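Following: one structure in structure tokens, then a few remarks.
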Amino acid sequence: FPSHDSITNAGLYSDLHPDFDSVFTELKRIGAEQIPAPRKDLRGDEVYLLFFEIIGVGDAKLEHHRRYIDIHYVVEGVDQIGIRATHSCEQLVSSKLDKDDYALYADKADFLLPVRAGFFAVFFPDDAHAPLMGTTMVKKVVAKIRCQ
């Protein structure tokens, strides 16, 4: 199960990866009125932030990554994120793991995790996730942290 918590508790997660401290420091600085577009490099392709101001799609595909950890931080709104263990996904739709580090699945999520403003969820490669499963406007940041 992915970690999910308030950004005020981010310090509790610093031991999970050497780059988590710098990422959480950056995330804490971002307010709803400060969503830049579309990417901010913290350490090139090793650690970077992607910014989204988007309406949820309602029926997103599950995705997983091999090389990156994702931290989804919601700045405004609520992101409904579908979750399922990657190893239990059986309906592969598309795999671009070698080139773009993602694979998509048609499997249904086991459950939805509502991530509201001021909260984050951490997804490791074993966590298939489908962000933007809701249908409302969400402002969010996805931190990409290279894990291998």
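Please tell me if GLY82 is out of contact with any Ser or Thr (no Cβ under 6 Å at 6 or more places or on another chain), of a type outside the set (Asp, Glu) and at pLDDT 95 or above. When the stated conditions are applied, GLY82 passes them. Selection of strands (runs of 3 or more DSSP E) fully inside segment 1-89 by the criterion of at least 1 residues being surrounded by fewer than 16 Cβ atoms within 10 Å (Cβ to Cβ) returns 3-6, 39-41, 47-55, 78-85. The set of residues in segment 71-128 being touching a His at 6+ places or on another chain (Cβ under 7 Å) and under 18 Å from LYS140 (Cα atoms) consists of ASP79, ILE81, GLY82, ILE83, LEU113, VAL115, PHE119, PHE120, ALA121, PHE123.
Listed here are the residues, each with its yes/no results for (1) surrounded by 14 or more Cβ atoms within 10 Å (Cβ to Cβ); (2) more than 26 Å from ALA10 (Cα to Cα).
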{"residue": "ASP100", "(1), (2)": "no, yes"}
{"residue": "ASP107", "(1), (2)": "yes, yes"}
{"residue": "PRO114", "(1), (2)": "yes, no"}
{"residue": "VAL122", "(1), (2)": "yes, no"}
{"residue": "LEU132", "(1), (2)": "yes, no"}
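The values are calculated or read from the model by the stated rules, or taken from the named source; none is laboratory data. Just so it is clear, the model here is predicted, and its values are computed rather than measured. Ideal geometry is used to build each Cβ from the backbone, glycine not excepted, and the neighbour counts take in all protein chains shown.
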